[in-house]
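Asker: Okay, here's the structure, questions in a sec.
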Amino acid sequence: MENIISIHISESEPGMIIAEDIYNKYGAILLHKNSILDSYTIEKLESLRVDYFKVFEEYAPVETVAPDLTAIYEENVSDFKEIIRDIGNGKTLDTIKVQNIVNDLQETFTSVKDIIDSLNAVREIDDYTYTHSVNVSLLSSLISRWLNLDETQCKLISYCGLLHDIGKSKIPAEILSKPGPLTPTEFEEIKKHPIMGYKILEKNIALNKNIAIGVLMHHEREDGSGYPFNLKSSQIHLYAKIVAIADIFDAMTSNRVYKNRETPFEVFRIYESEYLTKCDTNILLTFLKRIASFYIGNKVKLNTGHIGEIIFINEKCISKPMIKLNSSKIIDLSMESRSFIAELL
């Protein structure tokens with residue numbers, strides 16, 4: 001059994017593993033058990049005045065010199081863009097280059113903050129197809145870890161996230177980059193991309209077959225409303241269920257040619273109102289609870305103009321947390337039908 005010790009925040013070091021959930025004074029979880037400390041989470045705990053907590057005595061110290069995440073991200077996007085262009089020109093999938101991208105992402109983006117910062121960075125809209133695939137790979141891997149899947153599974157799901165839209169390399173560019181709504185005919189063309197992606201991957205002996213199946217099914221929905229086969233619940237592969245949630249989140253929090261990005265809490269509202277029956281409930285709620293807790297302590301601006309700090313996430317209404325205003329008044333957005341988070345500060 002691993003030894004557990006209690007430490008003061010001043011003794012904390014990157015790489016230490018949290019041995020129990022850490023709460024703020026309002027009862028909100030700041031860090032879940034088995035989370036690995038990094039410089040950001042240590043600073044956050046200090047700012048939220050968490051003095052003592054428990055960690056596992058044995059841990060692997062983490063290098064404190066931070067890599068240039070932006071440069072690494074952009075390099076991987078560039079490499080993936082080259083992969084897609086090659087496929088569009090009739091070449092076979094460069095699996096070595098795909099493997100290098102996934103390994104780089106897994107080894108570099110190790111914390112929730114690293115991933116969220118990369119998702120939030122302003123990107124060229126024309127690069128959306130490529131940045132979206134990298135983002136979905138990162139998010140899919142993150143969700144897999146939150147589901148306590150083993151390292152092999154996490155890496156395979158990261159592959160699936162990166163390649164989920166690879167079939168779009170066969171879709172005409174004028175449809176993919178159209179600045180307005182698609183016609184029914186154009187949408188039917190778009191809906192072919194899971195099958196096209198599967199055909200690109202299925203005969204590649206260097207890739208695990210579950211990756212191709214996950215790509216094929218990532219637009220299927222629990223209630224049978226998805227495509228291309230209208231599969232339901234138990235018929236849908238685990239990889240596809242995870243990638244679907246990551247795909248939706250990044251799509252809605254990204255700027256697109258036809259719409260601006262939504263705030264994370266507006267996306268949480270959409271998940272709660274539209275996707276609880278369409279996505280795997282256990283995976284979706286795990287994702288929402290874990291990612292929402294990342295924002296505790298964040299400053300926000302409400303649609304009323306008020307500025308405040310997120311202090312508590314209501315698990316029954318994740319999109320409407322409790323906010324402590326600058327005036328020190330605390331409001332529960334779940335009780336305020338007309339108030340919502342308009343902007344993260």
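Asker: Go through the stretch 211-312 and tell me which helices (runs of 4 or more DSSP H), entirely inside it, have 3 or more residues that are not assigned by TED's automatic domain parsing to the domain that holds residue 93 and not aromatic (Phe, Trp, Tyr). If you could, list the steps in order and put the result at the bottom.
Answerer: Details: elements: 238-252, 264-270, 281-293.
Of the helices (runs of 4 or more DSSP H) lying wholly inside the stretch 211-312, those with at least 3 residues that are not assigned by TED's automatic domain parsing to the domain that holds residue 93 and not aromatic (Phe, Trp, Tyr) span 264-270, 281-293.
Asker: Out of 268, 287, which single residue is at pLDDT 95 or above, within 19 Å of residue 340 (Cβ to Cβ) and buried (at least 19 other Cβ atoms within 10 Å of the Cβ)?
Answerer: Numbers: 287 fails: within 19 Å of residue 340 (Cβ to Cβ).
Just a single option satisfies the conditions, and that option is 268.
Asker: Taking the stretch 275-288, which residues are touching a helix residue (DSSP H, G or I) at 6+ places or on another chain (Cβ under 9 Å) and of a type outside the set (Ser, Thr, Tyr)?
Answerer: Passing the criteria: 276, 278, 279, 280, 283, 284, 287, 288.
Asker: Also, quick follow-up: Only residues that are part of a loop (DSSP other than H, G, I, E, B) and in contact with a Gly (Cβ under 7 Å, 6 or more places away or on another chain): list them for the stretch 45-60, please.
Answerer: 48, 59, 60
Asker: Moving to a separate point now. As an exercise: evaluate residue 166 against (1) farther than 22 Å from residue 256 by Cα; (2) out of contact with any Asp or Glu (no Cβ under 7 Å at 6 or more places or on another chain) and give the number of the one condition it does not meet.
Answerer: (1)
Asker: So, in the stretch 307-330, exactly how many residues are more than 23 Å from the chain's Cα centre (by Cα) and without any contact (Cβ under 8 Å) to a residue 24 or more places away in the chain?
Answerer: The qualifying residues number 9.
Asker: Right, next: Can you list residue pairs whose Cβ atoms sit under 8 Å apart, with the first residue in the stretch 30-52 being surrounded by fewer than 17 Cβ atoms within 10 Å (Cβ to Cβ) and the second being small (Gly, Ala, Ser) and assigned to a helix (DSSP H, G or I)? Count only pairs 6 or more apart in sequence or on different chains.
Answerer: Between residues of the stretch 30-52 that are surrounded by fewer than 17 Cβ atoms within 10 Å (Cβ to Cβ) and residues that are small (Gly, Ala, Ser) and assigned to a helix (DSSP H, G or I), the close pairs are 32/293.
Asker: In the stretch 123-173, what count of residues is obtained for those that are closer than 14 Å to residue 104 by Cα and among the charged types (D, E, K, R)?
Answerer: 1
Asker: Considering every residue within the stretch 291-306, establish whether at least one is within 19 Å of residue 241 (Cβ to Cβ) and either at pLDDT 95 or above or of a type outside the set (Lys, Arg) (or both). I'd like the intermediate steps shown before the answer.
Answerer: From the stretch 291-306, those within 19 Å of residue 241 (Cβ to Cβ) are 291; that's our starting set.
If we keep only those that are either at pLDDT 95 or above or of a type outside the set (Lys, Arg) (or both) as well, we get 291.
Taking every residue of the stretch 291-306 in turn, at least one turns out to be within 19 Å of residue 241 (Cβ to Cβ) and either at pLDDT 95 or above or of a type outside the set (Lys, Arg) (or both).
Asker: Okay, moving on. Within the stretch 86-95, can you find the residues that are in contact (Cβ under 8 Å) with a residue 60 or more places away in the chain and not polar (S, T, N, Q)?
Answerer: Residues satisfying the conditions are 87, 88, 93.
Asker: Separate question: How many residues does the stretch 156-178 hold that are part of a helix (DSSP H, G or I) and either buried (at least 19 other Cβ atoms within 10 Å of the Cβ) or of a type in the set (Phe, Trp, Tyr) (or both)?
Answerer: Just the residues of the stretch 156-178 that are part of a helix (DSSP H, G or I), to begin with: 156-163, 166-170, 173-176.
If we keep only those that are either buried (at least 19 other Cβ atoms within 10 Å of the Cβ) or of a type in the set (Phe, Trp, Tyr) (or both) as well, we get 156-163, 166-169.
Summing the residues that are part of a helix (DSSP H, G or I) and either buried (at least 19 other Cβ atoms within 10 Å of the Cβ) or of a type in the set (Phe, Trp, Tyr) (or both) in the stretch 156-178 gives 12.
Asker: Quick check on residue 152: is it more than 13 Å from residue 246 (Cβ to Cβ) and surrounded by 22 or more Cβ atoms within 10 Å (Cβ to Cβ)?
Answerer: No, not satisfied.
Asker: Do we have any residue at all in the stretch 179-187 that's under 23 Å from residue 121 (Cβ atoms) and surrounded by fewer than 17 Cβ atoms within 10 Å (Cβ to Cβ)?
Answerer: Yes: one or more hits.
Asker: Search the stretch 86-113 for residues being of a type outside the set (Val, Ile, Thr) and crowded, with 21+ Cβ neighbours inside 10 Å, and hand back the single one that is farthest from residue 173 (Cα to Cα).
Answerer: 109
Asker: Let me ask another. Looking at (1) on the phi > 0 side of the Ramachandran plot; (2) modelled with pLDDT under 90, which is the only condition residue 64 fails?
Answerer: Result: residue 64 passes all but (1).
Asker: So, residue 319, is that one of a type in the set (Ser, Thr, Tyr) and touching a helix residue (DSSP H, G or I) at 6+ places or on another chain (Cβ under 6 Å) or not?
Answerer: Yes: the conditions hold for residue 319.
The values are calculated or read from the model by the stated rules, or taken from the named source; none is laboratory data. This is a predicted model, so every value here is computed, not measured. Ideal geometry is used to build each Cβ from the backbone, glycine not excepted, and the neighbour counts take in all protein chains shown.
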